[in-house]
Structures are given as structure tokens and as C-alpha cells.
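One structure is given here, and the rest of the page talks about it.
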Amino acid sequence: MFDTLDRQPPDALLAVIGMHRADPRPDKIDVGVGVYRDETGTTPVMGAVKAAEARLLSEQVSKSYLGAEGDQTFTDSLAHVALGEALAADSRITGIQTPGGTGALRLAAELLARTERRPTVWVGAPTWPNHAPIFGEAGLRVASHGYFDAARGDLDFNLFVDGLTGAQPGDVVLLHGCCHNPTGTAFDAAQWQQLATMVVARGLVPLVDLAYQGLGRGLAEDAAGMRALLTAAPEALVAYSCDKNFALYRERVGALWVQAPSPAVAVPVRETLLVLARSLWSMPPDHGAAAVREILSDAALSADWQAELTGMCERINALRLALGQAHPALAPIARQQGLFALLPIDRGAVRQLRERHAIYMPDSGRINIAGLRHETVAPFIDALAPHLP
Ligand code: PMP
């Protein structure tokens with residue numbers, strides 16, 4: 001049976017991680033891996049998470065099973081952070097806990113694949129490399145359309161909208177809620193409004209991937225566009241990850257919310273989500289979500305988490321400013337947001353940076369801004385400058 005399987009290409013980022021690890025040069029720089037790093041180059045456990053974990057350790061009395069919905073108190077508390085008060089109280093919206101943002105996207109894909117419509121999912125290019133496989137593996141058709149204007153280092157809104165000309169009513173449009181991976185771009189408030197008008201007029205269904213709330217302009221600002229869209233659209237989906245903004249990566253913490261056209265339709269939506277979750281992972285892992293629940297249900301821990309998140313965001317933005325000021329070709333980086341930026345360099349330059357300067361990034365030229373430290377900005381720019389336009 002198994003001899004019919006083809007070999008698969010290795011994960012591009014894992015290869016970069018492996019090469020970086022094996023490099024003995026002491027001044028090596030890793031801007032490949034997509035996790036936040038502090039000024040010492042580590043990805044620490046957040047203070048509020050540590051405190052919440054200590055509480056769980058002393059107070060948790062049972063590890064018995066939860067249901068397929070996971071920890072509903074976690075999801076409902078998180079709804080206030082992600083969706084805001086009005087939408088969190090909207091009975092057309094139903095949400096369950098998922099194993100990370102990836103689990104939320106896969107559950108969304110399985111739900112869409114269960115509908116009679118079996119929509120095409122429209123994905124702007126470039127995007128997180130896992131988006132197309134997640135929907136494709138669920139049996140959905142994935143259509144790619146334009147998004148990024150590399151010359152300007154910004155999103156091209158007209159290109160994005162024009163690329164949706166072939167989308168049929170009921171098709172799904174994937175939108176990054178903030179901090180676009182890999183380009184660092186974000187729709188502005190006017191563009192979100194235009195998107196809202198368009199999806200309503202054309203009967204398209206937005207699926208917002210919100211994986212970096214709080215790492216762009218702030219918790220409320222990073223969700224504002226998505227909330228405006230949800231307020232306008234009759235149907236929508238939100239795939240959420242807590243893995244970056246709570247630094248819980250390996251704990252796999254996320255949620256999926258689905259907005260149905262009416263509270264009555266939200267009932268079979270929820271029932272279907274639970275049936276699908278049951279066969280995908282039965283129930284999501286508890287620990288990380290329980291820590292988030294503890295934080296969000298305690299004003300002091302919440303304030304502590306938000307302060308640390310703001311600090312992370314400020315560090316990223318200070319590095320963005322330093323990069324943007326260091327070279328004219330990098331100026332867009334200062335205007336962008338979140339962990340990532342796409343450098344205007346080719347694969348040959350990526351290889352030379354790796355071989356000559358021990359600077360590691362995937363072939364796409366995507367860098368994790370937080371992989372830099374203030375003292376490594378100058379050597380990074382020195383190595384990069386000859387390759388920039
Ligand atoms: N969406 C985007 C845009 C991402 O960058 C990521 C993580 N790299 C995810 C979703 C998935 O996040 P998680 O690790 O929670 O599965």
C-alpha cells in the first residue's frame with residue numbers, strides 16, 4: 001500500500017532552522033523562524049502566562065475530558081478581546097476552541113467542505129504557505145489572486161479586488177486580520193469598509209485569519225477592520241490564534257467563530273463544528289487555553305499580559321523604524337506591521353547572505369523582524385545593502 005506514496009519536499013523553513021543550528025559562526029543571525037524574540041534573542045514565556053500556569057498547577061482539581069468545544073469559558077472570554085463587546089454578544093456567532101490557528105483554519109475548511117455549496121477559497125498572493133494546503137487537503141478548490149505590489153512594498157488594493165472578479169456568490173475570501181504574513185501589510189479602515197461593501201454586494205463570505213492581534217498597532221486597532229466587516233456581512237468566519245500574542249506557540253491555542261445569517265442557523269453550524277472537531281481531534285489540548293482563560297478572567301493578569309504584549313509590539317516597531325531609516329529600499333518596513341517583511345531580494349542574495357554572512361531566512365526573502373536585536377541591525381544592513389535595489 002504505502003509504496004504508492006510519493007516523496008514530499010522538506011518544509012522550507014525547517015531546512016533553514018537546521019542550517020542555522022549547524023552553523024558554528026558566533027555572529028549568525030536567524031530571521032527565518034516566525035516566532036517573537038526579545039532583545040536577548042529568546043522567546044520567553046510571558047509573565048502573565050507563568051502566573052496563570054502556577055495557579056493552574058495549584059488549583060486544577062481534574063484533568064478529565066472536556067467536550068469537543070474545548071474550554072467554552074476560554075472561547076467566550078477571548079471573544080471579547082477578538083470580536084469586541086457587540087459581536088461577542090451576537091447570538092448569530094458561535095465559536096469553539098481549536099488546536100491553534102491552524103486547527104481553526106482546518107476546521108473552517110472542513111465546515112465549508114460540508115456545505116452544499118463547497119465554495120472556492122480565494123487567497124491573495126503571497127500568503128502564509130500553509131493556507132492553500134489547509135483548504136486543498138479538505139477537498140476545496142483554492143484560487144490565488146493578486147495582493148502585493150513588491151515595487152512599492154505595499155498591498156495593491158485594486159489588484160486584490162480586481163482579482164476577485166471571477167469569484168461566485170458564496171465563494172470564500174481569505175483575509176489576514178492584521179500583520180499580513182509574509183508582507184507585513186494591513187488593510188486600512190477605508191479598505192476594510194470597501195471590502196465590507198464588496199462582500200455584501202457580491203454575496204462573498206469573508207474568512208478572517210487573525211493570528212497576530214496586538215502585534216501590529218494594538219489589540220483594538222488590529223481587530224477594528226475585521227469587526228467592521230463582520231458587522232456588515234451576513235456570514236463570515238474568524239480563525240484565531242493565541243499562539244503569538246500569548247507566546248503559547250507549542251501549546252496550540254486557538255478558536256474558530258462562525259457568523260451565521262441568523263441565530264437559528266447558528267445552531268446547526270455549531271452542531272456541525274462539534275461533529276467535525278470530534279473526528280479531527282476529539283477535543284483540543286487544554287493547558288494553554290486554560291492559562292489564557294485564567295488571564296482573561298483576572299483584571300490584574302489581563303493588564304500584565306497587555307503591558308507585556310505592548311512591549312513586544314513596541315520592540316518590533318522600533319526595529320522596523322531602524323530598518324526603514326537604514327536604507328531607502330527598506331523604507332516600507334517602517335510603515336508595515338507585525339513580525340514579518342518581505343525583502344526585495346532574490347534567491348541568490350538569500351543564499352549569499354547565508355553563506356557569507358550567516359544570515360538565515362527562507363528563499364522567499366521573508367524576514368522575522370524580531371529575529372534582529374538593536375545591535376545586529378547595523379551588520380544586517382551592511383550585509384544586505386549590496387543586494388537591495
Ligand atoms: N495564520 C497565519 C497567517 C500564521 O502566520 C500562522 C502561524 N504561522 C497561523 C495562522 C497558525 O498559527 P498557529 O501556530 O496557532 O497554528
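The values are calculated or read from the model by the stated rules, or taken from the named source; none is laboratory data. Please read all numbers here as calculations on a predicted model, not as lab measurements. Glycine also receives a Cβ, built like all others from the backbone with ideal geometry; neighbour counts cover every protein chain displayed.
Observations, loosely collected:
- Checking V49, V33, V61 one by one, the residue that is within 27 Å of A223 (Cβ to Cβ) and in a loop (DSSP other than H, G, I, E, B) is V33 and no other.
- Here is the figure for segment 326-365: residues that are surrounded by fewer than 20 Cβ atoms within 10 Å (Cβ to Cβ), closer than 28 Å to L219 by Cβ and in contact (Cβ under 8 Å) with a residue 60 or more places away in the chain total 2.
- Taken over segment 161-203, the residue count meeting the criterion of being within 16 Å of the ligand (Cβ to nearest atom) and not polar (S, T, N, Q) is 13.
- Among the candidates L159, L174, the residue that is assigned to a strand (DSSP E or B) and among the aliphatic types (A, V, I, L, M) is uniquely L174.
- Top-ranked residue of segment 99-120 - restricted to ones that are among the hydroxyl-bearing types (S, T, Y) and either free of Cβ contacts under 8 Å to residues at least 40 places away in the same chain or not in a loop (DSSP other than H, G, I, E, B) (or both), ranked as farthest from R250 (Cα to Cα): T115
- Residue that is crowded, with 23+ Cβ neighbours inside 10 Å and in a helix (DSSP H, G or I), where the choices are A318, A223: A223
- If the condition is being surrounded by 18 or more Cβ atoms within 10 Å (Cβ to Cβ) and within 28 Å of A108 (Cβ to Cβ), then segment 144-159 contributes H145, Y147, F148, L155, D156.
- Filtered by the rule that a residue be basic (K, R) and assigned to a helix (DSSP H, G or I), segment 247-288 gives R250, R270, R278.
- Scanning segment 53-104 for residues that are polar (S, T, N, Q) and either in contact with a helix residue (DSSP H, G or I) (Cβ under 7 Å, 6 or more places away or on another chain) or within 16 Å of the ligand (Cβ to nearest atom) (or both) yields T73, T75, S77, S91, T94, Q97, T98, T102.
- Exclusive hit being among the acidic types (D, E) and in a loop (DSSP other than H, G, I, E, B), set D27, D76: D27
- For the criterion of being part of a helix (DSSP H, G or I) and either modelled with pLDDT of 95 or more or touching a Gly at 6+ places or on another chain (Cβ under 9 Å) (or both), G136 passes.
- Test for E294: is it part of a helix (DSSP H, G or I), at pLDDT 95 or above, under 24 Å from T40 (Cα atoms) and of a type in the set (D, E, K, R): no
- Condition met for Y240 (within 16 Å of the ligand (Cβ to nearest atom), outside any loop (DSSP other than H, G, I, E, B), under 13 Å from the mean Cα position of the chain (by Cα) and buried (at least 21 other Cβ atoms within 10 Å of the Cβ)): yes
- Some residue of segment 256-274 being touching a helix residue (DSSP H, G or I) at 6+ places or on another chain (Cβ under 9 Å), within 16 Å of the ligand (Cβ to nearest atom) and under 28 Å from P362 (Cβ atoms): yes
- Residues that are of a type outside the set (F, W, Y), over 30 Å from A331 (Cα atoms) and touching a residue at least 24 places away in the same chain (Cβ under 8 Å), drawn from segment 125-156: I134, E137, A138, G139, L140, A143
- Residues of segment 121-133 that are surrounded by fewer than 21 Cβ atoms within 10 Å (Cβ to Cβ) and not in a loop (DSSP other than H, G, I, E, B): A125, A132, P133.
- Residue among E271, E235, E308 that is over 17 Å from the mean Cα position of the chain (by Cα) and closer than 25 Å to N368 by Cβ: E308
- Being under 21 Å from T120 (Cβ atoms) and among the aliphatic types (A, V, I, L, M) holds for only one residue in L204, L215, L210, L219, and it is L204.
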